[in-house]
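The values are calculated or read from the model by the stated rules, or taken from the named source; none is laboratory data. Just so you know, these numbers come straight off a predicted model, no measurement behind them. Here the Cβ positions follow ideal geometry from the backbone for every residue, glycine too, while neighbour counts run over all protein chains shown. The accessibility values were calculated without ligands, DNA or RNA, using every heavy atom of the protein model including side chains. Shrake-Rupley method; radii C 1.70, N 1.55, O 1.52, S 1.80 Å.
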Amino acid sequence: MLSYFLDIIFPPVCPLCRVMVMDGILCPKCRGKLLSKRITPPFCALCGIPFIAYGCDRANIPTRLCGSCITEKKPFKEARSAFAYEGAIVDAIHRFKYNGAVELAGYLGRLASDGTEFSARPDVVVPVPLHKKRLRRRGFNQSLLLAREAAKKFSVKVDCLNLKRVRDTDAQANLKLKEREDNIKGAFAVTDGKAFGNKTVLLVDDVFTTGATIRECARTLERAGAEVQVLTLARTLIN
Ligand SMILES: [Zn+2]
Ligand SMILES: [Zn+2]
């Protein structure tokens with residue numbers, strides 16, 4: 001009843017463009033913009049980068065793996081991203097991460113999980129952890145909000161206790177790839193050594209840019225005996 005009256009007095013608005021929304025979270029226009037950036041096959045079977053990024057046409061795919069996955073060993077079995085990190089999704093991620101539009105996180109998490117398949121069902125879902133100092137500042141872990149939706153889809157539990165960020169790193173944004181890799185090394189630890197042994201772990205984060213953070217998390221999980229899958233809401237289209 002209360003929410004009915006609140007909706008009349010303060011009608012819900014689209015968090016991206018502020019127009020009034022009758023149904024759902026985003027207005028039809030913003031939803032359309034977002035869905036136009038959905039990553040669809042063909043993409044690399046390992047890292048999930050769309051082959052279109054390499055200028056390959058759909059009818060002429062040279063290989064199942066991209067150049068980067070052929071030449072470099074990756075610490076995960078499969079990585080998938082729902083959207084190309086450009087346009088409306090950049091704005092949407094910014095809004096839920098820094099402006100506290102947490103209702104968007106659930107919505108985007110559902111969109112990401114619903115359209116993404118893995119070759120094996122995960123046993124457990126693990127969000128990329130924030131250091132406790134940063135968690136205190138932000139008030140929530142955006143990856144945990146997304147991880148919950150993935151866990152619902154696969155009907156498994158979220159484990160947000162056994163992978164910890166033990167070292168707070170400087171912001172990665174201004175660093176080059178090699179510096180990012182060095183900066184993040186040893187930043188994560190598994191607290192219960194038995195938690196991930198012989199398990200397929202689905203690691204969840206908001207964005208895959210250089211992948212340095214995700215690779216370090218995945219390596220930490222692999223050392224604890226896990227087989228790692230990765231799901232991110234969005235990714236950049238270069239490896
Ligand atoms: Zn809108
Ligand atoms: Zn690849």
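Criterion first (open to solvent by less than 40 Å² (accessible area, probe 1.4 Å), over 17 Å from the mean Cα position of the chain (by Cα) and in contact (Cβ under 8 Å) with a residue 60 or more places away in the chain) does residue 188 satisfy it? So that I can check it myself, show each step before the final result.
Details: open to solvent by less than 40 Å² (accessible area, probe 1.4 Å): yes; over 17 Å from the mean Cα position of the chain (by Cα): yes; in contact (Cβ under 8 Å) with a residue 60 or more places away in the chain: no.
Answer is no for this residue.
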Checklist entry - Would you pick out the residues in the stretch 121-162 that are at pLDDT below 90 and aliphatic (A, V, I, L, M)? => result 135
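Determine whether residue 209 is among the hydroxyl-bearing types (Ser, Thr, Tyr), at pLDDT 95 or above and out of contact with any His (no Cβ under 9 Å at 6 or more places or on another chain).
Details: among the hydroxyl-bearing types (Ser, Thr, Tyr): yes; at pLDDT 95 or above: no; out of contact with any His (no Cβ under 9 Å at 6 or more places or on another chain): yes.
No; evaluated as a whole, the condition is false for this residue.
Of everything in the stretch 13-42 that's of a type outside the set (Val, Ile, Thr) and either modelled with pLDDT under 85 or within 16 Å of ligand 2 (Cβ to nearest atom) (or both), which residue is least open to solvent (accessible area, probe 1.4 Å)? Quick ask: steps written out before the conclusion?
The first filter runs over the stretch 13-42 and keeps only residues of a type outside the set (Val, Ile, Thr), leaving 14-18, 20, 22-24, 26-38, 41-42.
Filter once more, so that each one left must be either modelled with pLDDT under 85 or within 16 Å of ligand 2 (Cβ to nearest atom) (or both): 22-24, 41-42.
Values: 22: 167, 23: 129, 24: 55, 41: 83, 42: 28 Å².
Across the stretch 13-42, the extreme among qualifying residues is 42.
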Next on the checklist: If I filter the stretch 56-87 down to residues being at pLDDT 90 or above and among the acidic types (Asp, Glu), which single residue comes out as farthest from ligand 2 (Cβ to nearest atom)?
Outcome noted: 86
Checklist entry - Looking at 119, 143, which is the one that is open to solvent by 80 Å² or more (accessible area, probe 1.4 Å) and of a type in the set (Ser, Thr, Tyr)? => result 119
Item to check | Members of the stretch 78-116 that are open to solvent by 10 Å² or more (accessible area, probe 1.4 Å), closer than 17 Å to residue 235 by Cβ and either among the aromatic types (Phe, Trp, Tyr) or assigned to a helix (DSSP H, G or I) (or both) | outcome: 85, 88, 90, 91, 94, 97, 111
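How many residues does the stretch 14-35 contain that are within 7 Å of ligand 1 (Cβ to nearest atom) and within 17 Å of residue 106 (Cβ to Cβ)? If you could, list the steps in order and put the result at the bottom.
Quick first cut of the stretch 14-35, residues within 7 Å of ligand 1 (Cβ to nearest atom) only: 14, 16-17, 19, 26-27, 29-30.
Subsequent filtering for residues that are within 17 Å of residue 106 (Cβ to Cβ) retains 14, 16, 26, 30.
Summing the residues that are within 7 Å of ligand 1 (Cβ to nearest atom) and within 17 Å of residue 106 (Cβ to Cβ) in the stretch 14-35 gives 4.
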